[in-house]
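Engineer: My questions all concern the structure below.
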Amino acid sequence: MNRTELSQLGEFGLIEKIKNEAFQNNKTTLKGIGDDAAVIDKNDKEAFLVTTDMLIEGVHFDLTYAPLKHLGYKAVAVNVSDIAAMNGIPQQITVSVALSNRFSLEAVDELYKGIRLACENFKVDLVGGDTVSSRSGLIISITAIGTAHKQEISYRNGAKKDDIICVTGDLGAAYIGLQILEREKQAYLADPNMQPELGGKEYIVERQLKPEARMDVIHELRELKVIPTAMIDVSDGLASEIMHICKQSAVGAELLEENLPIDNLTYETAREFNLDPLTCLLNGGEDYELLFTIRPEDMSKIKNHPDITRIGRVMDKNYGVNIITKAGNTFPVKAQGWVAF
Ligand code: ADP
Ligand code: MG
């Protein structure tokens, strides 16, 4: 028997294989594996959206610094973000937890406080889940269900040449926030009497611990009557996400470094850590902002939006995916993403 290491395929290679071998029996499955959420027929006009994400202690979070309330909030937000990335409205979630006897009722209460707060903010209902025991760490798995008008769904594969590439908010902060938390953890392990030094870094630490799903932007785009031609949320990093859009849409892209939105504090803190801010911005991940493309004629509708930045344009496929640096050099964008295995 041959043995193939999962690291040979990587996360995306493995998903691609599962996707290619999946078989669809039902006409109601409008879109299966491969986008931010699956699309399921509801009626003539509308579809259901379904997405699921799992967070594992020691892999996706560290309870030494992630407060349980924030963790509950984040677990909901990352799912809502995938519904937003389809241009949909989330409505229900189910929450499954695996708990060890390390957790008390008070700890579970804290986790659910965060889940309830997110439900309130994103206007979703907790409608079910599962509770099991775990031998080691905490696992939280959430499924979100939403709805969208079929005509208004933004898939990853709809970008067309000359479309404008936009992103919400700023990028790279969540990754730098994680570097700060890791640094403080090491300092704490060396000297348990120390107090964490987060002075002035609250914004980027919060971006890591308690990200928001950009439902605000989804509602605003709807009011402005702008339907993104393609959309994805930034969970793995801008580089990885733009590659997904370009691959699925069979197009290329040109990004302008000088337009990429980075917060000043993120920039300065990256330098403190001797990290290249551009690399953090492109490959950091976990920002949960929205990356989308719009028709050029829609640009005038959003150009004054304070939280949407135009970062480039969609090109022919044979152009590839390139970034023009501030110095005027062109280099190809490489999707680093996360090494999952
Ligand atoms: P996202 O980052 O938006 O959550 P992922 O990269 O996790 O998306 O997944 C990409 C696509 O692959 C999604 O459609 C997801 O539902 C699907 N997918 C991921 N893992 C599996 C799996 N083990 N089995 C079937 N589909 C999967
Ligand atoms: Mg996503």
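The values are calculated or read from the model by the stated rules, or taken from the named source; none is laboratory data. Just so you know, these numbers come straight off a predicted model, no measurement behind them. Cβ: placed from backbone, ideal geometry, glycine included. Neighbour counts: every protein chain shown. These accessible areas exclude ligands, DNA and RNA; they are computed on the full protein's heavy atoms, side chains included. Shrake-Rupley method; radii C 1.70, N 1.55, O 1.52, S 1.80 Å.
Engineer: Putting +1 on Lys and Arg Cβ atoms and -1 on Asp and Glu Cβ atoms, find which of LEU198, GLN208, ILE165 reaches farthest to the positive end of the dipole of segment 155-224.
Structural biologist: ILE165
Engineer: Rolling a 1.4 angstrom probe over the protein heavy atoms, how many square angstrom per residue are accessible across the chain? Walk me through the numbers on the way to the answer.
Structural biologist: On the way: 17310 Å² over 341 residues.
Dividing the accessible area of the chain by its residue count gives 51 Å².
Engineer: Could you work out Rg/(2.2 N^0.38 Å) for the chain, with Rg from alpha carbons only?
Structural biologist: Rg over 2.2 N^0.38 Å, computed on Cα atoms: 1.00.
Engineer: On the full set of protein chains, 1.4 Å probe, figure out the accessible area of ILE302 and give it in Å² to the nearest 10.
Structural biologist: ILE302 exposes around 0 Å² with every protein chain in place.
Engineer: What is the magnitude of the charge dipole of the chain about its Cα centre, with +1 placed on the Cβ of each Lys and Arg, -1 on the Cβ of each Asp and Glu, and no other charges, expressed in debye to the nearest 20?
Structural biologist: For this selection, approximately 860 debye.
Engineer: How much net charge surrounds LEU255 when only the other residues with a Cβ under 14 Å from the Cβ of LEU255 are counted, with Lys and Arg +1 and Asp and Glu -1?
Structural biologist: Neighbourhood net charge equals -1.
Engineer: Just to confirm a number: summing +1 for Lys and Arg and -1 for Asp and Glu over residues other than ALA98 whose beta-carbon lies under 13 angstrom from that of ALA98, what do you get?
Structural biologist: On the way: positive: ARG102, ARG135; negative: GLU57, ASP130.
The answer is 0.
Engineer: Here is a further query. In terms of the Cα gyration tensor, with a ≥ b ≥ c the square roots of its eigenvalues, is segment 27-152 rounded because a/c is under 1.5, prolate because a/b exceeds b/c, or oblate?
Structural biologist: prolate
Engineer: Let me ask something else about it. Rounded if a/c is under 1.5, else prolate if a/b beats b/c, else oblate: with a ≥ b ≥ c from the C-alpha gyration tensor eigenvalues square-rooted, which is segment 164-332?
Structural biologist: Verdict is prolate for segment 164-332.
Engineer: A further question follows. Kindly sort PHE273, PHE23 by accessible area of their heavy atoms, largest first, with the probe set to 1.4 Å.
Structural biologist: Output order, biggest surface exposure first: PHE23, PHE273.
Engineer: Distance between the C-alpha centers of segment 216-286 and segment 111-142? Whole Å please.
Structural biologist: 28 Å
Engineer: Residues with beta-carbon under 12 Å from that of TYR73, excluding TYR73: net charge, scoring Lys, Arg +1 and Asp, Glu -1?
Structural biologist: Local net charge: +1.
Engineer: Express in Å², to the nearest 10, the accessible area of LYS334 obtained by rolling a 1.4 Å probe over the protein heavy atoms while all chains stay in place.
Structural biologist: 150 Å²
Engineer: Using the Cα centre as the reference, give the magnitude of the dipole from point charges on the C-beta atoms of segment 117-267 (Lys, Arg: +1; Asp, Glu: -1; all else neutral), rounded to the nearest 20 debye.
Structural biologist: Here segment 117-267 has a charge dipole of around 540 debye.
Engineer: Also, I was wondering about something else. How large a share of the accessible area of the chain, in percent, is made up of carbon and sulfur atoms when the probe is 1.4 Å and the other protein chains stay in place?
Structural biologist: On the way: 8660 of 17310 Å².
Carbon-and-sulfur percentage of accessible area, whole number: 50.
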